[in-house]
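K.L.:
This is the structure I have questions about; it appears just below.
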Amino acid sequence: MWNQLLLNPEFIDSIYDITPKLNKVRVHSIELSQDGPVLKIRFDLDTLPSSPPKKWRQEYNKIQLTLTLIEISNLSLKEWRRDNILALHFQKKNNGRIEFSATGDSCNVSCICSFLRLDHISPYLN
């Protein structure tokens with residue numbers, strides 16, 4: 001699963017008994033930065049945590065995550081629209097790098113990265 005590729009899987013593993021699938025997520029943004037270089041992808045999960053932290057007391061029906069792909073190469077982006085429902089796939093290759101793809105009817109993104117980090121996770125009411 002994708003959480004096993006994270007540099008910091010502890011928090012996501014602590015709130016989900018079963019790691020949520022990323023086969024149909026709403027992607028809000030993709031951000032590129034020269035520092036790394038990195039790609040940040042911000043998206044919603046419909047799967048709510050089985051053991052949410054106590055500080056998440058407010059009502060919510062979505063979980064938003066930001067994942068950062070570090071030391072990216074071979075970046076490809078085709079189409080970007082208003083509503084991007086994508087399937088996110090992460091696969092560790094023999095050379096230790098991670099192959100990333102995000103595919104859907106409206107958008108296709110792919111790249112290779114060296115590291116994957118969970119940068120942000122928060123609940124919200126949609």
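K.L.:
What order, most packed first, do the peptides 110-116, 7-13 have when packing is the mean number of other Cβ atoms within 10 Å of each residue? Spell out each step's value before the answer.
P.N.:
Details: 110-116: 18.1, 7-13: 13.6.
Listed from highest to lowest mean packing, they are 110-116, 7-13.
K.L.:
In nm, to one decimal, how far is the residue 7 label point from the residue 71 one, both placed 7 Å along Cα→Cβ?
P.N.:
With each label point 7 Å from Cα toward Cβ, the separation is 1.0 nm.
K.L.:
Tell me the trypsin sites (Lys or Arg not before Pro) within segment 49-126 that lie in a loop according to DSSP and have at most 13 other beta-carbon atoms within 10 Å.
P.N.:
Values: sites: 54, 55, 57, 62, 78, 81, 82, 92, 93, 97, 117; in loops: 54, 55, 57, 81, 82, 93, 97.
Those satisfying the criteria are 54, 55, 57, 81, 82, 93.
K.L.:
Can you list, bin by bin at 5 Å, the percent of alpha carbon pairs in the chain, starting at 0?
P.N.:
Spelled out bin by bin, the chain gives 2, 10, 21, 24, 20, 13, 7, 2, 0 percent.
K.L.:
Provide the gained length on full extension for the span residue 112 to residue 24, in nm with one decimal, where the gain is 0.36 nm per separating residue minus the Cα-Cα distance.
P.N.:
Numbers: separation 88, 0.36 × 88 = 31.68 nm, distance 2.09 nm.
Gain on stretching residue 112 to residue 24: 29.6 nm.
Laboratory data are not the source of any read-out in this text; all were calculated from the coordinates shown. Treat the numbers as computed from the prediction; the structure is a model and nothing was measured. Glycine also receives a Cβ, built like all others from the backbone with ideal geometry; neighbour counts cover every protein chain displayed.
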